[in-house]
Ligand code: KMH
Ligand code: ZN
């Protein structure tokens, strides 16, 4: 059967943007991350985008040891493809960020396609008290934070992971990042089909207006023709609106507590699976079908869940 009407749901389980105070449902410990990932896959996510955190403090933790605490469990419990972040946290250096993907050789790894300001300081004002001492300074310091992804950094991640057969989720936070991807394609350092994850609504990146979404798609169409698979991620309250727009335009969808804590206006999502279920409703309401993990592998030309090192 053709994959034409299939929509891939990626679920990003915990990330590095939100802090423990912001939601009691944000997965922190390896047990929580594994359980949330498995439930998201059960609800329809074909790809699980994973970060790790320190179980005591909830701080982003990019050590391979932290990932080793949940990766085997997730792999054994689901057929969903596992995507390991190489973004880590914007505070980390690229050499640290790439280590888990280099060691565990996943089917997919994220790859951030350019440097941006990464403002989270506006979130700090929403909370009077924080659960942990590190949270407020971590958010405030983003007034002066550049999420560095230089050409050298991108090339370093590509070269470290490429021989492992890992393919990439190319995270594009602005139009220029599409041009950066085209530059690497021209140099033969990346191979189609490109899985382009357009990111909308981070302070420092492109906005969330429907025209922003249109412009990303138009530009990607012009640069890559039929050589890319488009997915979108709307931050915060824009998550499902942007998902719906992109799905109607033939795109794929990323949801998850990494980028949005919400399941409606002023209502916290109680799990990642809840957001996946909402994405599923949108897809099926449009007369499309949610892609299974194997269909996603076919669409993105992934190496297979038995070809990883965990
Ligand atoms: N939270 C996304 C906007 C990564 O993991 O490489 C960015 C992200 C980065 O997912
Ligand atoms: Zn991420």
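Looking only at region 38-73, filter to residues that are in a helix (DSSP H, G or I) and surrounded by 24 or more Cβ atoms within 10 Å (Cβ to Cβ); which one of those is nearest to ligand 1 (Cβ to nearest atom)? Explain how you work it out, then say what you get.
Quick first cut of region 38-73, residues in a helix (DSSP H, G or I) only: 38-43, 64-68, 71-73.
Subset that is surrounded by 24 or more Cβ atoms within 10 Å (Cβ to Cβ): 40-41, 67, 71.
Values: 40: 15, 41: 18, 67: 13, 71: 15 Å.
If we take residues in region 38-73 being in a helix (DSSP H, G or I) and surrounded by 24 or more Cβ atoms within 10 Å (Cβ to Cβ), then 67 is nearest to ligand 1 (Cβ to nearest atom).
Determine if region 205-216 includes at least one residue that is without any contact (Cβ under 8 Å) to a residue 12 or more places away in the chain, closer than 26 Å to residue 145 by Cα, in contact with a strand residue (DSSP E or B) (Cβ under 8 Å, 6 or more places away or on another chain) and within 16 Å of ligand 1 (Cβ to nearest atom).
Scanning region 205-216 turns up at least one residue that is without any contact (Cβ under 8 Å) to a residue 12 or more places away in the chain, closer than 26 Å to residue 145 by Cα, in contact with a strand residue (DSSP E or B) (Cβ under 8 Å, 6 or more places away or on another chain) and within 16 Å of ligand 1 (Cβ to nearest atom).
Inspect all residues belonging to region 50-58 and state whether any of them is within 16 Å of ligand 2 (Cβ to nearest atom), farther than 30 Å from residue 246 by Cα and out of contact with any strand residue (DSSP E or B) (no Cβ under 7 Å at 6 or more places or on another chain).
Of all residues in region 50-58, those within 16 Å of ligand 2 (Cβ to nearest atom) come to 50-53, 58.
Applying the additional criterion that residues be farther than 30 Å from residue 246 by Cα yields 53, 58.
Going one step further and asking which of them are out of contact with any strand residue (DSSP E or B) (no Cβ under 7 Å at 6 or more places or on another chain), we end up with 58.
Yes, region 50-58 contains at least one residue that is within 16 Å of ligand 2 (Cβ to nearest atom), farther than 30 Å from residue 246 by Cα and out of contact with any strand residue (DSSP E or B) (no Cβ under 7 Å at 6 or more places or on another chain).
Collect the residues in region 230-249 that are surrounded by fewer than 24 Cβ atoms within 10 Å (Cβ to Cβ) and within 16 Å of ligand 2 (Cβ to nearest atom), keeping them in residue-number order.
Answer for region 230-249, where residues must be surrounded by fewer than 24 Cβ atoms within 10 Å (Cβ to Cβ) and within 16 Å of ligand 2 (Cβ to nearest atom): 235, 236.
Among the residues of region 17-37, write down those that are part of a helix (DSSP H, G or I) and within 18 Å of residue 138 (Cβ to Cβ).
Going through region 17-37, the residues part of a helix (DSSP H, G or I) turn out to be 20-22, 30-37.
20, 21, 22 - these are the residues of region 17-37 that are part of a helix (DSSP H, G or I) and within 18 Å of residue 138 (Cβ to Cβ).
Sort through 10, 14 and tell me the only one that's touching a helix residue (DSSP H, G or I) at 6+ places or on another chain (Cβ under 9 Å) and in a strand (DSSP E or B). I'd like the intermediate steps shown before the answer.
Numbers: 14 fails: in a strand (DSSP E or B).
The unique qualifying residue is 10.
State which residue is surrounded by the most Cβ atoms within 10 Å (Cβ to Cβ) when the search covers only region 23-37 and only residues that are farther than 25 Å from residue 294 by Cβ and more than 16 Å from ligand 2 (Cβ to nearest atom). Outline the logic, then answer.
Filtering region 23-37 down to residues farther than 25 Å from residue 294 by Cβ leaves 23-32.
Next, from what is left, pick out any that are more than 16 Å from ligand 2 (Cβ to nearest atom): 23-25, 29-32.
Values: 23: 15, 24: 9, 25: 16, 29: 15, 30: 19, 31: 13, 32: 17.
Residue satisfying both the conditions and the ranking: 30.
Read-outs throughout are calculated quantities, based only on the coordinates presented, and are distinct from any laboratory measurement. Predicted model only: the values in this text are computed from it and were never measured. Glycine also receives a Cβ, built like all others from the backbone with ideal geometry; neighbour counts cover every protein chain displayed.
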